[in-house]
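Please read the structure below before turning to the comments.
The values are calculated or read from the model by the stated rules, or taken from the named source; none is laboratory data. Predicted model, so just to flag it, every value in this text is computed and none were measured. Every residue, glycine as well, gets a Cβ built from its backbone with ideal geometry; the counts of neighbours run over all protein chains shown. Remember, those area values only see protein heavy atoms, side chains included, never the ligands or the DNA or RNA. Shrake-Rupley method; radii C 1.70, N 1.55, O 1.52, S 1.80 Å.
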Amino acid sequence: MPSMVPEPYRIKAVEPIRLTTRAEREAILANAGYNIFFVKSEDVYIDLLTDSGTSAMSDAQWAGLMVGDEAYACCRNYDRLKDVISDIFGFCYFLPTHQGRAAEKVLFSAAVKAGDYVPSNSHFDTTRANIEAVGGHAVDFLISEGLVPTSQHAFKGNMDVKRLNRFIEDVGAQRIPLAMLTITNNFGGGQPVSLANIRTVKEVLSQHGIPLFIDACRYAENVYFIKQREAGYGNKTTLEVAREIFSYADGCTMSAKKDGLVNIGGFLAMNDERLYQQASQLLILWEGFLTYGGLAGRDLEAMARGLREALDEKYLQHRIGQVRYLAERLLEQGVPIVEPPGGHAVYLDARRFVPHIPQAELPGQALVAHLYLEGGIRAVEIGSVAFARKDEKTGEWTYPELELVRLAIPRRVYTQTHLDYVADVIIELYHKRDQIRGMRYTYEPPFLRHFTARFEFV
Ligand SMILES: Cc1ncc(COP(=O)(O)O)c(C=O)c1O
């Protein structure tokens, strides 16, 4: 049996969940046009759609809500958050935002102009969209192992530094206002980036005078992997590792809905005073005054407390342990997943799970539908529905390399029994995988297809 780290918390408040019948789920899913985003939360038994904004807050965070200072300007919670961010991340300036994409919008609007390039190991979709929205190009240089589901590379989120270097020489540093590293890499399976890689990326960028920004949503999970897997870091504290990571960066964007352990919140941080001043103007325009940025005082307090809790090593050990436990249970039965498991989710490899379904018949989406029908589990497709591109002239499709289904584990929400249930449902489904049918669109929206498309079984 896979080993499980016991929960480093006890439960003080509970929220009932209900398992519907198979007949109910068939009707619910058909009614939702076979798009899991349209299924009501109360009709989901185990919700693994995302780990973003779905964390359970601690008693200390809930208590923090009561000391929210709701003054418009310069509330005390801003100062608390400032102290925490300065202690962990060490940047000179920060701006609170209501979530990660707001920080991205402010950053790219201030720093990127039409025709510029922003390289990354792997841009998240909102990051890419915000760069493209100001006319920039988002380019990815993930190491090749990051695209091979069975590769056992310890840091599959690493940037391919050679390709980065060549790219800078080809397009010229003046067209690259900044580069990014997403830690951990959500799209490649929640895979970590090593400190050695972060250091080398920084060296290359410094030679060309290009600043490095970190997409820090899951930085604490990345810290834990560095401690576990990278020589020389095992005896350092999580805080020491975090500080070293950010010492190589010129700024970061943060969705605190992940490793800030809050349901809403984020920030943008940087060292460059001029950039801070430009970003401040945009923040006031889009989010709010510099000391609240689209959040209530109580939200700032919960974020300040959550950022500290997310670096607690016992918490991280359990958190990453939960993901590993689910992954090991599936692997024991031969269920194909992205290996080794990442920090926040287990990713089913749909191409190997249902090899009889061609990419044109949306194998990931079919798997998502069947997971719901089988056990009321909500997962999300990260494959052709999200990423395939159609050539408008020829009507021809280009399909993504990876066809994944993400089972994201909310932080501090589900117990081992819930994970056992999820594993049992998936294993049972895997045993009768031949019966899984492909899907096709009945409605295909022009943008961000996966959110609003409708489907039927082939
Ligand atoms: C890697 C990464 N960057 C940025 C974001 C955007 O954050 P938010 O959803 O808070 O806007 C996400 C959200 O899932 C993410 O996973």
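Please specify each residue of the stretch 1-60 satisfying the condition of being among the small types (Gly, Ala, Ser) and in a helix (DSSP H, G or I).
Answer for the stretch 1-60, where residues must be among the small types (Gly, Ala, Ser) and in a helix (DSSP H, G or I): 23, 27, 30, 41, 60.
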Notebook entry, point to check: Of all residues in the stretch 367-380, which are within 16 Å of residue 31 (Cα to Cα) and out of contact with any Leu (no Cβ under 7 Å at 6 or more places or on another chain)?
Noted result: 368
Margin query: List the helices (runs of 4 or more DSSP H) inside the stretch 81-177, counting only whole elements, that have at least 3 residues being of a type in the set (A, V, I, L, M, F, W, C) and out of contact with any Leu (no Cβ under 9 Å at 6 or more places or on another chain).
Written below: 161-171
Notebook entry, point to check: Looking at residue 212, is it within 30 Å of residue 167 (Cα to Cα), within 16 Å of the ligand (Cβ to nearest atom) and among the hydrophobic types (A, V, I, L, M, F, W, C)?
Noted result: yes
Margin query: Suppose we filter the stretch 103-156 for residues that are open to solvent by 50 Å² or more (accessible area, probe 1.4 Å) and in contact with a Lys or Arg (Cβ under 6 Å, 6 or more places away or on another chain); how many remain?
Written below: 1
Check: Does residue 261 satisfy the criteria of being at pLDDT 95 or above, away from the ligand (no atom under 16 Å from the Cβ) and in contact with a Ser or Thr (Cβ under 7 Å, 6 or more places away or on another chain)?
Finding: no
